[in-house]
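Accompanying notes for the structure given below.
The values are calculated or read from the model by the stated rules, or taken from the named source; none is laboratory data. The structure presented is a predicted model; accordingly, all values stated were derived computationally and were not measured. Cβ coordinates were reconstructed from backbone atoms using ideal geometry, including for glycine residues, and neighbour counts include every protein chain displayed.
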Amino acid sequence: MFLKSLFRRAQPGSPVIPELDGAVARKLEAEGKDPGAVASRAAEPREVPPRPELGGFKGSIRLVLTLDGLGDVKAVAMDGAPYEHVQVLEAWAYAWKFHPAILDGKPHACRMVYEVSWN
């Protein structure tokens, strides 16, 4: 199964442009750096386990994954998940592995948002 078939972004096919949240931008400014000029790279999935079966569920679920500087999932939030499947979906999301986000040449914690469809 191809990685692209597991999830889709809000604008399919468009490159991911890392956006610095306010706290990160303020930290960079305090260090005398221009947030708009700092090199950054979004976290990229390197391992996504097969989607779990959700017993006839059809629809999309929005996952918000908080990653640490190693690319491990540390927190999961979701919208659109049927209550009876939340535990299975959380376990699945925590099993994802990412290449870490890079900010100013160093690994950095971040949040990634994915919309996953079951048809």
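Remarks
- Per the listing Gly59, Gly55, the residue uniquely modelled with pLDDT of 85 or more, touching a His at 6+ places or on another chain (Cβ under 9 Å), surrounded by fewer than 14 Cβ atoms within 10 Å (Cβ to Cβ) and farther than 20 Å from Lys106 by Cβ is Gly55.
- Residue among Ala43, Ala75, Ala81 that alone is closer than 16 Å to Glu115 by Cβ and among the aliphatic types (A, V, I, L, M): Ala81
- Candidates in segment 17-47 are the residues that are of a type outside the set (A, V, I, L, M), part of a loop (DSSP other than H, G, I, E, B) and farther than 11 Å from Leu103 by Cα; of these, the one that is modelled with the highest pLDDT is Gly32.
- Segment 74-119, residues that are under 17 Å from Val48 (Cβ atoms), of a type in the set (Phe, Trp, Tyr) and part of a helix (DSSP H, G or I): Trp92, Tyr94
- Among the residues of segment 63-72, some residue qualifies, meaning at least one is touching a His at 6+ places or on another chain (Cβ under 8 Å) and of a type outside the set (D, E, K, R).
- Test: residue in segment 81-95 that is of a type in the set (A, V, I, L, M), surrounded by 14 or more Cβ atoms within 10 Å (Cβ to Cβ), free of Cβ contacts under 8 Å to residues at least 60 places away in the same chain and touching a helix residue (DSSP H, G or I) at 6+ places or on another chain (Cβ under 6 Å): yes
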